[in-house]
Structure formats: C-alpha cells, structure tokens
1. Collect the residues in segment 27-36 that are exposed (fewer than 11 other Cβ atoms within 10 Å of the Cβ) and over 25 Å from Arg57 (Cβ atoms), keeping them in residue-number order.
2. I'm trying to understand the selection: among the residues of segment 1-27, which are within 21 Å of Asn69 (Cα to Cα) and of a type in the set (Val, Ile, Thr)?
3. I need the full set of residues from segment 36-50 which are under 23 Å from Leu8 (Cα atoms) and not in a strand (DSSP E or B), in order please.
4. Going by the structure shown, is Val25 out of contact with any Gly (no Cβ under 6 Å at 6 or more places or on another chain) and modelled with pLDDT of 95 or more?
5. Just to check your reading of the model, which residue among Phe39, Phe45 is surrounded by 10 or more Cβ atoms within 10 Å (Cβ to Cβ), of a type in the set (Phe, Trp, Tyr) and closer than 22 Å to Gly78 by Cα?
6. Within segment 45-72, can you find the residues that are charged (D, E, K, R) and in contact with a strand residue (DSSP E or B) (Cβ under 7 Å, 6 or more places away or on another chain)?
7. Identify, please: which residue in segment 1-35 is assigned to a loop (DSSP other than H, G, I, E, B) and under 27 Å from Ala52 (Cβ atoms) and is, among those, nearest to the chain's Cα centre (by Cα)?
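The values are calculated or read from the model by the stated rules, or taken from the named source; none is laboratory data. Please read all numbers here as calculations on a predicted model, not as lab measurements. Every residue, glycine as well, gets a Cβ built from its backbone with ideal geometry; the counts of neighbours run over all protein chains shown.
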Amino acid sequence: MEEVQAILDHLPDHVALTLAESGCVVFVVTQRLSEPNIFDVYEEFQDGKAFAKHQKRVQESPWGRVTKNVLRSYTVTGL
C-alpha cells in the first residue's frame, strides 16, 4: 500500500504536467475503487511525435522514478 500512496502523492503533478504538454489532447487517470492498486489511464496525443515526447518526459520525471516498478498493461493505437 506504500507504493499506492506514493503514486497518489505524485499523481496530481503528473496529470498537470501531462495536460500541459504540447500535443496532449486527453489524459485521465482513474483509481479503481474495488482494486485500489490498479489505475486506469486513458490518453490521446495529436501524433506519434507528441506521444514519444511524453514518454521521454515521463521516464525522466519524479513520476517515472516513483512508478518505475509498476506493472503496465496497455494498447497503443493510431500511431
């Protein structure tokens, strides 16, 4: 549960920084009530270049460090 709290602590900044990125169209993160250690993310970027720039920023950010061991399961479409 400590890792979940770290995610919750950093999430507002991560969301704000992502929404401020050039090319970010939509970015929504929702914590599941029934499984609070799972977060659903829906994001849209204008193009592959904007998405790649986002991924790079995330890896180098405090958010990237806090979530480096988080299991991710996602599908990328439209790039």
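1. Those that are exposed (fewer than 11 other Cβ atoms within 10 Å of the Cβ) and over 25 Å from Arg57 (Cβ atoms): Arg32, Leu33, Ser34, Glu35.
2. Result: Val4, Ile7, Val15, Thr18.
3. Pro36, Asn37, Ile38
4. For Val25, the condition - out of contact with any Gly (no Cβ under 6 Å at 6 or more places or on another chain) and modelled with pLDDT of 95 or more - is met.
5. Every option except Phe45 fails the conditions.
6. Passing the criteria: none in range.
7. This residue is Glu21.
One line per residue, one yes/no per condition, for (1) among the polar types (S, T, N, Q); (2) more than 20 Å from Met1 (Cα to Cα); (3) free of Cβ contacts under 8 Å to residues at least 40 places away in the same chain:
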position	(1), (2), (3)
Gly23	no, yes, yes
Phe27	no, yes, yes
Arg32	no, no, yes
Gly48	no, yes, yes
Trp63	no, no, no
